[in-house]
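Participant: Just dropping this structure here.
The values are calculated or read from the model by the stated rules, or taken from the named source; none is laboratory data. Because the structure is a prediction, the values reported are computed rather than measured. Note that each Cβ is placed from the backbone with ideal geometry, even for glycine, and that neighbours are counted across all protein chains shown.
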Amino acid sequence: MQPILDIQHIGKRYNIAHQSGSYLSMRERISQLFTREKTTKEEFWALKDVSFSVMPGESIGIIGRNGAGKSTLLKILSKITPPTTGKIISRGRIASLLEVGTGFHTELSGRENIFFNGSLLGMKHAEIKNKFDEIVDFSGVEKFLDTPLKHYSSGMQLRLAFAVAAFLEPEILIIDEVLAVGDAEFQKKCMGKMEDVSKSGRTILFVSHHMAAVRKLCSKAILLKNGQVDAYGNTEEISDYYLRQGLSSQTEKNFTQEEQKGESIILKRAAVYAKGQTPHDPIKTSDEVVFEFDFTNTLHNQNIDLTIDLFDQTGVHVSHFGMVCSEDEKLPNGIYRTTGVFPGHILNTNRYNISVMFGLNQSQVLVKENEILSFDIVDDIANRGKNFARFPGIIHPVCKWKTTHL
């Protein structure tokens, strides 16, 4: 089977002009309109020697930090801008959703733009007419269908643009992080529709900084770094590699005097470790996880609460738990250590971040620290093999099983 997209040694060069001398005011700029200024030009490669192939029906996530070249790559694939070097072989119709309003005409109505944009995507009038009702229903702009697009909000334009691109059934659907413009309900609808598109055998290229969405939708991922392909492969492995770049876990932190926040409660130390171990030892899936905090309390005989929020490395909120002091547990002034134990056989293999908050009487926040610690949960069975290096899902419980003969 041939690839539906074959990207061969793509490069994109821009020339950046630099003006010599200091910054000029508007008055100075006007006075020097007819004088020759000394400028220098610098070559900048937004993309350099990018090569990969996409098979029919694959969903590919394109990830990387800002400035890595993701949007430039999509514009080249969408034929908005030509590459400086290399070539692209496409064996299917491409529909792109890169920016709000791309391919739309602001003076035309929503109804007219559906046919206008569909024709730009290479669709025949009969095809567009056949999908017209589904596009209108999904976009939710039925009341404004005969209103000029210039009167639409950016969210309405986005809904209409996505509906046209998704429902007119191109072989290749290219989507940038433009979905971030929509509200939560619409984003959920879009993700559901993209899953349907993928299951129908069409190809999706999806750029996003939201790793949970990339993992859910895409089977493979491309990591761009400084305009080049840094890694390409299984989405779980590539996203893990990306999220851990330049980051190391921090299982213990002692706060300096300058870092200590709060007046009533002063946090002095935080640590996370496997029960019976130290913060320097690995934490396995079977281990009970200990959260430990040292703090100074300057309030006398008050109900001090502690709350922990646990997030995985993609930002998914895994758990919210903590300690609430009862009436007979009021703390006098002093230095304290509070310890909580999280059950074993719950957390899956992953990296986790924790945020902590001390409060008073479950209502008043005294001190809050975000992403105070990070730790890794590793597989309890060391010889399980590479294919089991990371399990899917958030939790990894051990269930009791019993098999009887019927």
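Participant: Look through Ala213, Ala166 and report the one residue that is part of a helix (DSSP H, G or I) and at pLDDT below 80.
Facilitator: Ala166
Participant: Got a sec? Which of Thr84, Thr106 is in contact with a Gly (Cβ under 7 Å, 6 or more places away or on another chain) and either in contact (Cβ under 8 Å) with a residue 12 or more places away in the chain or more than 30 Å from Asn226 (Cβ to Cβ) (or both)?
Facilitator: Matching residue, one of Thr84, Thr106: Thr84.
Participant: If you go through the stretch 232-282 one residue at a time, how many are among the hydroxyl-bearing types (Ser, Thr, Tyr), within 22 Å of Ile222 (Cα to Cα) and in a strand (DSSP E or B)?
Facilitator: 1
Participant: Take the stretch 126-152 and flag every residue that is assigned to a loop (DSSP other than H, G, I, E, B) and surrounded by 12 or more Cβ atoms within 10 Å (Cβ to Cβ).
Facilitator: Scanning the stretch 126-152 gives Gly140, Val141, Leu145, Thr147, Tyr152.
Participant: Okay, next question. Can you say whether Asp312 is within 31 Å of the chain's Cα centre (by Cα) and within 30 Å of His210 (Cα to Cα), as far as the supplied structure shows?
Facilitator: Criteria met by Asp312.
Participant: Taking the stretch 246-285, which residues are among the small types (Gly, Ala, Ser) and loosely packed, with under 15 Cβ neighbours inside 10 Å?
Facilitator: Selection gives Gly246, Ser248, Gly276.
Participant: So Thr314 passes all but one of these: (1) over 19 Å from Ile394 (Cβ atoms); (2) in contact with a Lys or Arg (Cβ under 9 Å, 6 or more places away or on another chain). Which condition number does it fail?
Facilitator: The one condition Thr314 does not meet is (1).
Participant: Pick out the one residue from Asp230, Asp196 that is assigned by TED's automatic domain parsing to the domain that holds Ser119, touching a residue at least 40 places away in the same chain (Cβ under 8 Å) and under 30 Å from Tyr241 (Cα atoms).
Facilitator: None of the other options fit; the residue is Asp230.
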